Every structure is written in C-alpha cells, then in structure tokens.
Amino acid sequence: MPLVVAGNDKTQARRLQRLAQQGQLRRIYPGIYTDDLVQPLESIVRRELFALCSLVAPGTVISHRSALDGGRPTAAGSVFLTGANRRDFVLPGVTLRIAQGTGPLASDMRVPTFAGDV
C-alpha cells in the first residue's frame, strides 16, 4: 500500500502520526503517509503524483506546461495546475503550483486515482 491517508478522521490521523514517529510510516504531506520505507520520498511522490494532486489540491486541473508534458514535473520539479485560488504546495521533490482560474469542466478528461479523479 503506497499511500495511507488520514482523511477527516482525527483518531486515524493521530494513529498515523504515532506510526510515523515509530518509524512504521513516513509522512509525505500532512495527513498523507507512505508505508514504503525503502524508496526515496521523491520517487514515491513522482510515482503517485496524480493521486497526490487529487488529495492535496482537489478541484484543480493539470494545466499550462504540465498539460503539454502529460502531467510530468518540469526539470525543476514544478507541476502546474489551475484552480479556484493561487497557491503552491511543496511535496518532496515536487512543487504543485496552482494558478487561479476555472476549475474542471465537464468536457475535461479525468485521470482516475484511488483518491478520486484528477
């Protein structure tokens, strides 16, 4: 199981925090952990990038240069998204850069992930 998500359950969030403190999980982002203790966090983030986008920045769409590059991060590690508010999220090895604009349209192609469509 590559990603473990606490969601809105505070009891689950505390349990995951304890497991991370005990070295059984590693934190990727607040409330998002991995049980992969071997691979570098940067490679886990790149492998699970679409799922992380749907968890960290729900309601955004892959846009700009990232849309042209198939959603891959730039050489500097940036992934460009468009959503309701301008914001950056820093993950290990990748920065999600959200520009303010129209969110997903009905005609947009969805990327299915365990966390929902991106």
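The values are calculated or read from the model by the stated rules, or taken from the named source; none is laboratory data. Computed from a prediction, not measured in an experiment: that's the story for all the values here. Every residue, glycine among them, receives a Cβ derived from its backbone with ideal geometry; neighbour counts consider all protein chains shown.
Going through the stretch 1-20 one residue at a time, which ones are outside any helix (DSSP H, G or I) and farther than 14 Å from D35 by Cβ?
Kept after step one, since they are outside any helix (DSSP H, G or I), are these residues of the stretch 1-20: 1-9.
Passing the criteria: G7, N8, D9.
Report yes if some residue within the stretch 32-50 is touching a Ser or Thr at 6+ places or on another chain (Cβ under 6 Å) and either buried (at least 16 other Cβ atoms within 10 Å of the Cβ) or modelled with pLDDT under 90 (or both); otherwise report no.
Filtering the stretch 32-50 down to residues touching a Ser or Thr at 6+ places or on another chain (Cβ under 6 Å) leaves 44, 50.
Filter once more, so that each one left must be either buried (at least 16 other Cβ atoms within 10 Å of the Cβ) or modelled with pLDDT under 90 (or both): 44, 50.
Looking for residues that are touching a Ser or Thr at 6+ places or on another chain (Cβ under 6 Å) and either buried (at least 16 other Cβ atoms within 10 Å of the Cβ) or modelled with pLDDT under 90 (or both), one finds at least one in the stretch 32-50, hence yes.
Quick one: how many residues across the stretch 21-47 are in contact (Cβ under 8 Å) with a residue 40 or more places away in the chain and in a strand (DSSP E or B)?
The qualifying residues number 2.
Among (1) out of contact with any helix residue (DSSP H, G or I) (no Cβ under 9 Å at 6 or more places or on another chain); (2) over 15 Å from L81 (Cβ atoms); (3) surrounded by 16 or more Cβ atoms within 10 Å (Cβ to Cβ), which single condition is A6 missing?
A6 satisfies every listed condition except (1).
Checking L55 against (1) closer than 26 Å to K10 by Cβ; (2) without any contact (Cβ under 8 Å) to a residue 24 or more places away in the chain; (3) not in a loop (DSSP other than H, G, I, E, B); (4) not small (G, A, S): exactly one of these is not met. Which one?
It is condition (2) that L55 fails.
Over 14 Å from L3 (Cα atoms) and among the aliphatic types (A, V, I, L, M): is that true of V94 in this structure?
Details: over 14 Å from L3 (Cα atoms): yes; among the aliphatic types (A, V, I, L, M): yes.
In short, yes.
Consider R27 carefully, then state whether it is modelled with pLDDT of 95 or more, of a type in the set (K, R) and in contact with a helix residue (DSSP H, G or I) (Cβ under 9 Å, 6 or more places away or on another chain). Give the steps one after another, and end with the answer.
Working: modelled with pLDDT of 95 or more: yes; of a type in the set (K, R): yes; in contact with a helix residue (DSSP H, G or I) (Cβ under 9 Å, 6 or more places away or on another chain): yes.
Judged against the criteria, R27 is a match.
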